[in-house]
1. Which helices pass in the chain if a helix is a full DSSP H run, must span at least 18 angstrom along its long axis by Cα, and must have mean Kyte-Doolittle hydropathy not below -0.5?
2. How high is the relative contact order of the chain? Use alpha-carbon pairs under 8 Å, at least six apart in sequence, and give a whole percent.
3. Placing +1 on the Cβ of each Lys and Arg and -1 on the Cβ of each Asp and Glu in the chain, which of Ala434, Ala107, Met186 has its Cα farthest towards the positive end of the resulting dipole?
4. Hand me the chymotrypsin sites (Phe, Trp or Tyr not before Pro) from the range 383-478 located in a DSSP loop with no more than 12 other Cβ atoms within 10 Å, in residue order please.
5. Distance between the C-alpha centers of the range 392-447 and the range 238-282? Whole Å please.
6. If exposed trypsin sites (Lys or Arg not before Pro) are those in a DSSP loop with at most 11 other Cβ within 10 Å, what is the longest stretch of the chain that has none?
7. In whole percent, what relative contact order does the range 390-478 give with Cα contacts below 8 Å and a gap of six or more residues?
8. So what does the Cα-only Debye profile of the chain read at q = 0.05, 0.09, 0.11 Å⁻¹, as log10 I(q)/I(0), no solvent term?
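Rule-based calculations on the coordinates, nothing more; no lab input. Just so we're clear, the structure is a prediction, and the values are computed from it rather than from any experiment. Backbone-built Cβ (ideal geometry, glycine too); neighbour counts: all protein chains shown.
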Amino acid sequence: MVEAATKKIFAGPRIRRLRRELGLSQSQMAAALAFSTSYLNLVERNQRPVSAQFLLRLAEVYDVELTSFAGTDEARAFADLSEVLADPMFKSIGLSRGEMQDMADAAPKAVEAFTLLYKSFEQARHNAKEISSQFAEREGGEVDSIFPVDEVRDYIHDRKNYFPELDEAAETLHDELGLSRDDAFMVLSGRLDEEHGIRVRIMPHEVMPETLRHFDLHRRQLLVSEMLDAPARVFQLAFQLGMLELRPMIQRLGDMHSWQTEEARRLVRISLANYFAGALLMPYGRFLRDAKTLRYDIEHLGRRFGTSFEQVCHRLTTLQRPGERGVPFFFIRVDKAGNVSKRFSAGRFHFSRFGGTCPLWNVHDTFANSGRIATQIIQMPDDTTYFSVARTVRRVGAVYGQPDQQLAIGLGCDIAYARELIYATGHDLETLDATPVGPNCRLCERPACPQRANPPLTRNLVLDERSRGISAYRFSQE
């Protein structure tokens, strides 16, 4: 049995919060659950693990999701808090990992508020540096802000990358249109024409050298670049259909959050329309059934639904319908320089908010083996272990003489789900020969890493003129 699958669950702070939210005493909750008060007391103080019977009874009596006790919120809070407190400004405080874990377990929402405050500070600090740099190089000029992107990412993450209203609307429209991979472009073009008076035109690269899709409202035309392949063209039509037919729903979903900038408000509408487009081409029920039947074979799913590798990977992270869930995947997209341009998670993978990814994760190695799938078992510093699949993709066709736009896609899940994936065939899931990785170099405290690019912010450097280690940076373990 895989270690992660048999790991004991200590959920005391979560159960205590639930009890207090319900306004119950320990004796009242214990009586309702048919357990002793002493047992509940030990569970709340994390002196006893939670039994399966206790969790099932808790879900039955109080109508709560069992997944809410999997520790996802606390794990994310601990990862966020660790990253924030790694800033040198907090060094003098000397907060231990145990104290940070206690904070994350007891008050994940308070940690979220603290992280939001730090992120605002970090953005202001970043902008100040950028503005100084801009003025040093030239007079005037504006600085692009990355804050709206992070704000929208957090909004999607908080919703577990799942929007049931969009999924239901997409399934309804898919059935109404009788959509299939063979005639998707023709059917969606017809819908845009008949219902909205919009004509779809494929445009030469010379006419649209820097644009992939353009909606000409005045001429009622949707212009799509010839440089896009068939799955990308169909996706652009589905996106435009979502912007036209689901605008009120997309607007309402976007307005559920108090955005700090207008840019974020617009960006979330684009993100939600993209979500709808994927759901329209890969309707929830059928896609989940086929994904399970094919054991999450990404390329096979792409051929069945007429969608790209990236589109399938992204869709797999959204299968979180209660009672009809898929494997909780995480997804990341990086370029050759390691810049992260997209990340989603239905699980609890430790994404770095303020940096790149670990070079030991083979998602970076795929650039040397373009188009080939690479698999890997990776383990984070807190011993959480994941199974990952990675491959490069080309999002847009390149004209001869111009650089190719190549990106790497990483898709993964907790090791407990690995047996459900066809890619785990041949891997030893018992001994778990995992590659040790970290969130990024500045947050990773693994010693003697040959790929280390920066020293960890949480440790003091040890400098010795007489000796040189595997890593250029040695640091104390205290």
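1. On the way: long enough: 72-85 (20 Å, 0.00); 108-137 (43 Å, -0.54); 164-177 (20 Å, -0.82); 230-245 (23 Å, 0.72); 262-281 (29 Å, 0.37).
Span-like helices in the chain: 72-85, 230-245, 262-281.
2. Rounded, it is 12 percent for the chain.
3. In the chain, that residue is Ala434.
4. Those that pass, being in a loop and sparsely packed, are Tyr400.
5. Comparing the Cα centres of the range 392-447 and the range 238-282, I get a distance of 28 Å.
6. By the stated rule (loop sites, at most 11 other Cβ atoms within 10 Å), 9-137.
7. The value is 17 percent.
8. -0.22, -0.72, -1.07
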